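Working notes for the structure below.
The values are calculated or read from the model by the stated rules, or taken from the named source; none is laboratory data. Everything quoted here is computed from the prediction, not taken from an experiment. Accessible surface is based on the protein model in full, side chains and every heavy atom, while ligands, DNA and RNA are left aside. Shrake-Rupley method; radii C 1.70, N 1.55, O 1.52, S 1.80 Å.
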Amino acid sequence: MLTAAQARVGGARVLLARPRDCNLDECVTMFREAQGYLEWFRDSLPAAEQVNRTLRRQAIALAGEIGQSGVLLEQAARAGRRWLERLRSTPPEYTASGAHAPLRLLGHISYLG
């Protein structure tokens, strides 16, 4: 169960490493699956007589990966917001009637060089 959770978190981290190409819904699904595995793992621990140190180390490592994934998810959301803001600020290339929109040129054009 812990290995399955680690695989889901690792998969989400790989996707989040490239936020422009990342499908955030897929990442959220992977995090939810990982959460389900972790809850299942947690619920099965009281039945285990003794938690070995390997499982404890894996759980600590997974907690670190989840923290790093949270940072990547936050960066992806921030990049997406900036991209949307830039997209909204650019004028459309065509008008509603289908004609080319006039270009807004900023600055000055010099014919003398």
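Odds and ends about this structure:
- Test for residue 34: is it in a helix (DSSP H, G or I) and open to solvent by 50 Å² or more (accessible area, probe 1.4 Å): no
- Some residue of region 56-67 being closer than 23 Å to residue 81 by Cα and modelled with pLDDT of 80 or more: yes
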